Each structure stands twice: as C-alpha cells, then as structure tokens.
1. Apply the Karplus parameterisation 6.51 cos²θ - 1.76 cosθ + 1.60, with θ equal to phi minus 60°, to every residue of the stretch 30-44 and state each ³J(HN,Hα) to the nearest whole Hz, in sequence, with x for glycine and proline.
2. So how strong a dipole does the stretch 1-120 carry about its Cα centre when Lys and Arg Cβ are +1 and Asp and Glu Cβ are -1, to the nearest 20 debye?
3. Ordered by residue, what ³J(HN,Hα) values in Hz, to whole numbers, does the stretch 60-74 give under the Karplus form 6.51 cos²θ - 1.76 cosθ + 1.60, where θ = phi - 60° and Gly and Pro are x?
4. Given H placed on each backbone N at 1.01 Å, which residues far from residue 45 in sequence or on other chains put an amide H within less than 5 Å of it?
5. Per-residue HN-Hα couplings for the stretch 85-99, Karplus 6.51 cos²θ - 1.76 cosθ + 1.60 at θ = phi - 60°, whole Hz, x for Gly and Pro?
6. Residue 27's amide H: which non-local residues (gap 5+, or another chain) put their own amide H closer than 5 Å, with H modeled 1.01 Å from N in plane and none for Pro or chain starts?
Amino acid sequence: MKKILIADVLKSLLAKETSFLDRANVKVFTAPTNDDLLAVHRAEQVNLIISQLDMPGMKSDQLYAAIRNDGELRKVSLIMLCNGRPGDREQAERCTANAVLTQPVDSALLLKKAQDLLDISWRESYRVLLSVNITGTSKDSAFFCRSENISTTGLLVETDRVLKEGDRVVCSFFLPGARQIVAPGEIVRSLNSAQKAGQRRYGVKFDKLTPEAKSAIEAFVAKKGH
C-alpha cells in the first residue's frame, strides 16, 4: 500500500486526471494546513507529500525541518509547488523537496513526478498527447486531445469535439524515443465514460500503419508493460 498526502488546495488540480491515485493499493489523505499535514504524516507515515509553499499554519520550512529531523518521518518524498516570485524556488528547495514545480502546473506532469518518486509502474492505459485531424466532416478540423490504451490496432481519445462513428481521422503523435507517428484511422465507437465534464471518448481503429510506426508502438507498449 502506497500512502500519499495532498494539500487540500491541490485536490481539484489532481482530480482532473484519472491516474494511479485511483488504484486500490494507493491511499490518499488530504490536509488543509501544514499543522494537519504533520499530524496526518505522524499518524500514517505516508510515502509522498504533495503540497505548496504558502500553506496555512506553521511555516513550511519549520514543518519540513521537523519531518527531516525525525528518524521515522523523514522517510517521505516531497513535491512542492510554488509561485514564480523571486526566492520561492529557493525557499521550496530549503524544505528539502525532491521536486519543485512552479504554478500553474500541468496536472499530468505533477502526476508523472509523483509516480516517479513512488516508483509505481504505469498502468496499461498509456496516455499521450496527440493532434487529430478529422478528414471526413469539415475543413479546418484539426484539434488536440489526450489518448489512452494505445496499441497497434488503435486507441481511445478524449475530447470536447463531437464526432460520429465512421469519421475518418489522422492521428499525429510522438512516443518517447521515436519519431513522429502519423496514423490514419476511423472512429468505430463512442463511449459515455469521459473523465471530465464536457468531454467525450471515442475508439479509433488504425489502418495502413507503416512498419516503422507499428514497431515503435509495439516497443512503447512492451516497455510500459514492464
């Protein structure tokens, strides 16, 4: 069981993404003040704290000095968010943060940092940012969206655009260590299980993948599967 303690003010940011935080073997605690963060950590000895510099209660440098000076409590990773004001990053680093991010921060990046620090493997739903061009409905219809469950046969996309089964699409994206992949396909189904209000999910079936694109996707999925 992995335990994560998150400042209340950051809950809405992390709720934007479905992630490893939803797993059965991950327990999430929240706290509204630095004093509460310390109390929860004393009681639960969490693995990771995600907080921001200007929290109510005791000063952050006092809080993390108390944690790092305690033989049991010090065994915790810390992600600290701060504003871009002069001296903020230095102050966050003095709190012995493992990672310092400047707000506003992308929720996917924050979750990736958290996952790296917890050493939790990616779930089988691999998410990439891609550009999609709808080729069968109208001109000027390119847009960005997030995808998941990518494989050599297709993927799921989540977007606020209204699409319909049978629409022809061209997906363009980059995978780590691979060149740009351009994959034509077709919308083959729609789902009502979008992660955020106003979003829709669609299944895309690839066709005419190049051997290079197929190999790159296979290598990506195999790597993440381990």
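1. 10, 8, x, 9, 4, 4, 5, 4, 5, 5, 5, 5, 4, 6, 10
2. The calculation lands at about 200 debye.
3. Values, residue by residue: 4, 5, 5, 4, 7, 5, 5, 5, 6, 8, 9, x, 8, 6, 5 Hz.
4. none
5. Running phi through 6.51 cos²θ - 1.76 cosθ + 1.60 with θ = phi - 60° gives 6, x, x, 5, 5, 4, 5, 5, 5, 5, 7, 6, 6, 6, 8 Hz.
6. Sorted by chain and number, the residues that satisfy this are 2, 3, 4.
Values quoted throughout were computed directly from the atomic coordinates according to the rules given, and no laboratory measurement underlies them. Here the structure is a predicted model, which is why all the values come from computation and not from measurement. Every residue, glycine as well, gets a Cβ built from its backbone with ideal geometry; the counts of neighbours run over all protein chains shown.
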